[in-house]
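Below is one structure, written out as structure tokens; the observations come after it.
The values are calculated or read from the model by the stated rules, or taken from the named source; none is laboratory data. Because the structure is a prediction, the values reported are computed rather than measured. Backbone-built Cβ (ideal geometry, glycine too); neighbour counts: all protein chains shown.
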Amino acid sequence: MSSGTGSGAEAAEGSTGAGGSEGAGALSGPGAADAGAFADAEAGVRGPVVPVRTYDVALLDLDGVVYTGQQAVPHAPDALAAAREAGMTLAFVTNNASRTPDTVAAHLTRIGVPAEASDVVTSAQAAARLVAERFPAGAPVLAVGGEGLVAALRERGLMPVVSAADRPVAVVQGFAPSVGWELLAEASYAVGAGVPWFASNADLTIPTERGIAPGNGALVGVVRAATGAEPIVAGKPELPLHRESMLRTGARRPLVVGDRLDTDIEGAVAGGVDSLLVLTGVTDIPGALGAGPGLRPTYIAADLRALLHELRRPEQSPDGAWTCGAWTARIDDGELALDHHDGADDGLDALRAACAAMWAAADTSTAVDFEHAVKTVKETLAAAA
Ligand SMILES: [Mg+2]
């Protein structure tokens, strides 16, 4: 099977996630045991922390965190080199199933982040493990995807096939630009006949240089429409990919680092591990302020330099206000108010305090003027910059 990785596939990450319903389906299915992978993970660190001293492994999302297309995200190469120097293990965790770890590692190395294939964890690898845990070595598996998926299945001793007539024990669907009607039809024949169905990820869209294109979730939707079946999903925010990352890195106290709330951060929350949201990708200030339960990061920072510095978390005072560094946020008469006082400020403490206040208000059904809150935070950050 050819790689077929064009410019679109290179960007095949960080797209619109599917809704939570698939997650519920996956967790109630055979993937439910994955939650146990986190039983030993330590989370819930309190007070100021320096991530490189507190966490042993950074589980890093790629697009919007380490690179954007062919460009390194500003400060990422230097910050990651320093984090490694300080003893932190780096794992690059991607929902992109089309590229092999070798290809991803070469991309990272090219932009100034030296990486080996063994530093990369893909959703194709997580999906292949799900299959390998259920079926013996040598079992035929219908591979609906590209070289990343084929390599991941072979790594687990499985035999990739391309026809339902090859009597596959499972169908695994991962993204590749070359996947067309014929292969989707083969998948539908097998899934329709009751063969277990796995998907590397359920991202509905892929950002490309020319616009938004269908992602793996959209192609999964084709097979779903033909069969009425639901796949078990391996990628973020589902747990198998994080479990794969934990198994491959031996992480005891991992920190998930991502730019998307509905994949990176949601996956970390579901797995019970701490997370760092960086603002170098898709999540903006309104997105952070409006993050719902299950989508809220442990920490918020501008970029990956945060791995090396003390990160503060807001603390609530008895009067209900939230203080972070030099800023205190409170909700007064349905409006967010930010007060400055003496103290250190790395430029984002106002946002951190505001998020804590907004999230607490949402949880207690306290009405807040959201547009006003966004304006207040933006003006405060601009004035402090
Ligand atoms: Mg991303």
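Looking only at the stretch 278-294, count every residue that is away from the ligand (no atom under 14 Å from the Cβ) and part of a loop (DSSP other than H, G, I, E, B) and tell me the total.
Going through the stretch 278-294 one residue at a time, the tally reaches 5.
Inside the stretch 222-237, can you point out the residues that are of a type in the set (D, E, K, R) and either in contact with a strand residue (DSSP E or B) (Cβ under 8 Å, 6 or more places away or on another chain) or modelled with pLDDT under 95 (or both)?
Answer for the stretch 222-237, where residues must be of a type in the set (D, E, K, R) and either in contact with a strand residue (DSSP E or B) (Cβ under 8 Å, 6 or more places away or on another chain) or modelled with pLDDT under 95 (or both): Glu230, Lys236.
Out of (1) touching a residue at least 60 places away in the same chain (Cβ under 8 Å); (2) in a strand (DSSP E or B), the odd one out for Leu307 is which?
It is condition (2) that Leu307 fails.
Please work out which one of (1) in a helix (DSSP H, G or I); (2) free of Cβ contacts under 8 Å to residues at least 40 places away in the same chain; (3) not hydroxyl-bearing (Ser, Thr, Tyr) is the condition Ala187 fails and give its number.
Going through (1) in a helix (DSSP H, G or I); (2) free of Cβ contacts under 8 Å to residues at least 40 places away in the same chain; (3) not hydroxyl-bearing (Ser, Thr, Tyr) one by one, Ala187 breaks only (2).
Can you pull out the strands (runs of 3 or more DSSP E) entirely within the stretch 55-145 that have at least 3 residues that are within 16 Å of the ligand (Cβ to nearest atom) and within 21 Å of the chain's Cα centre (by Cα)?
Result: 57-60, 89-94, 120-122.
Test Ala354 against the stated conditions and say whether it is in a helix (DSSP H, G or I), at pLDDT 95 or above, surrounded by 21 or more Cβ atoms within 10 Å (Cβ to Cβ) and in contact with a helix residue (DSSP H, G or I) (Cβ under 7 Å, 6 or more places away or on another chain).
yes
Would you mind stating whether Val273 is farther than 22 Å from His75 by Cα and surrounded by 21 or more Cβ atoms within 10 Å (Cβ to Cβ)? Before the answer, list the steps.
Numbers: farther than 22 Å from His75 by Cα: yes; surrounded by 21 or more Cβ atoms within 10 Å (Cβ to Cβ): yes.
Answer is yes for this residue.
Being under 18 Å from Asp119 (Cβ atoms) and within 16 Å of the ligand (Cβ to nearest atom) is the filter here, so list the residues in the stretch 236-265 that pass it.
Lys236, Leu241, His242, Ser245, Leu255, Val256, Val257, Gly258, Asp264
Filter the stretch 310-342 down to the residues that are free of Cβ contacts under 8 Å to residues at least 24 places away in the same chain, of a type in the set (D, E, K, R) and farther than 19 Å from Ser365 by Cβ and list them by number.
Result: Glu315, Asp319, Asp339, Asp342.
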